[in-house]
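I have placed the structure first, in the form of structure tokens, so that the comments after it can refer back to it.
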Amino acid sequence: MPNQYLVPATVRCACPGCNNVRKETNHWFLIIPSTHPEELYTIAAFAIELLYQSDNLLPVCGEACLLKLLSELIKKARPVDAEVIPHKPFAKAAVNA
Ligand SMILES: [Zn+2]
């Protein structure tokens, strides 16, 4: 299934409220959902080849849309589990009777 933002010969920005269409000289980026459990997204320079390879990459038309969409995405993302540090209660002072 082709990327929903890729229509023949045209790439449009995935950022809500933006209808920009990619042109040759635009400085676009791709937001790539990570498959690594400790990462949420990777940001890459736009490459049409990548867009053809995956249907879940998000093309954005520039820095403003990149930051706006990324902000929305991370708000919806699963919160990173709080760092689990085994709680070691302070050792009680030995009380010798
Ligand atoms: Zn945009």
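What follows is calculated from the coordinates using simple rules that are stated; it is not laboratory data. Note that the structure is a prediction, hence the values are computed from the model and not measured. Ideal geometry is used to build each Cβ from the backbone, glycine not excepted, and the neighbour counts take in all protein chains shown.
Look at where the Cα atoms of region 34-54 and of region 57-73 average out, and the two centres are 13 Å apart. Here, region 6-76 is characterised by an Rg to Rh ratio of 0.95, where Rg is the alpha-carbon radius of gyration and Rh the Kirkwood radius. Spacing of the modelled spin labels on N19 and E38, each 7 Å from Cα toward Cβ, amounts to 4.4 nm.
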